[in-house]
Amino acid sequence: MEFKNTLYEKKNGKAIITINRPAILNVLNEETMQELLQELGDAEKDESVKIIVLTGAGEKAFCAGLDLKAIKDITPLKMWELLRLLHKVTLAIEENEKPVIAARAQQFLLSSLFIMSALISSSSSSTLIKFTFNTFEKKHINTFSQDILVNIRQSKR
């Protein structure tokens, strides 16, 4: 499958979905959300995929939300349709039969509101994990903690 705004690969039991719009902080437009829906659905159906990793390209942002330039002149009806599509993406993450992890710069963390809301809302089937990261800069060691919410579900099979 070829996509314009996302990258999609499957390897070693993982489906890796990358929002690939780094020049504009990986903001979501209608096309990007449609691609995410297709990829999440494909990964869920693929028996070889055991986990889905969702990430954003570039160094600055995982996903900065909706593309405001794309919505500045749309009608209220079109805005409603875009919000419904965003809700479908959220549900595709929340209700996915496979675990979905949001990853950023090789550190698993949640930095996108729509991803966070999707994972938090599935309270009884999610696990909050605290990770501590050490970064080494010149002669200093910086330590910070990050709470990670991992969506864990019983397989329906």
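Since every read-out is calculated from the coordinates, none of them should be taken as a lab result. The shown structure was predicted, so the numbers you read here are calculated from the model rather than taken from an experiment. Glycine gets a Cβ as well: all are built from the backbone with ideal geometry, and neighbour counts include every protein chain shown.
What list of ³J(HN,Hα) values in whole Hz, one per residue of the range 78-91 in order, does the Karplus curve 6.51 cos²θ - 1.76 cosθ + 1.60 (θ = phi - 60°) give from phi, with Gly and Pro shown as x?
5, 5, 4, 4, 5, 5, 5, 5, 4, 5, 5, 5, 4, 5
Can you flag which of K45/K98; K11/K45; K14/K60; K60/K88; K10/K45 are past 18 Å Cα-Cα?
The answer is K14/K60; K60/K88.
Would you mind getting me the FRET efficiency between Q34 and N12? Use the beta-carbon distance for r and R0 = 41 Å, nearest 0.05.
After rounding, the FRET efficiency stands at 0.95.
Would you please classify the overall shape of the range 8-85 from the alpha carbon gyration tensor, given that a ≥ b ≥ c denote the square roots of the eigenvalues, rounded means a/c under 1.5, and beyond that prolate means a/b larger than b/c while oblate covers the rest?
Oblate.
If you take every residue apart from A15 with its C-beta less than 10 Å away from the C-beta of A15, what net charge results, scoring Lys and Arg +1 and Asp and Glu -1?
The answer is 0.
Test of understanding: what is the full-extension gain from E2 to K88, defined as 0.36 nm times their sequence separation minus their Cα-Cα distance?
Extra length from E2 to K88 when fully extended: 28.8 nm.
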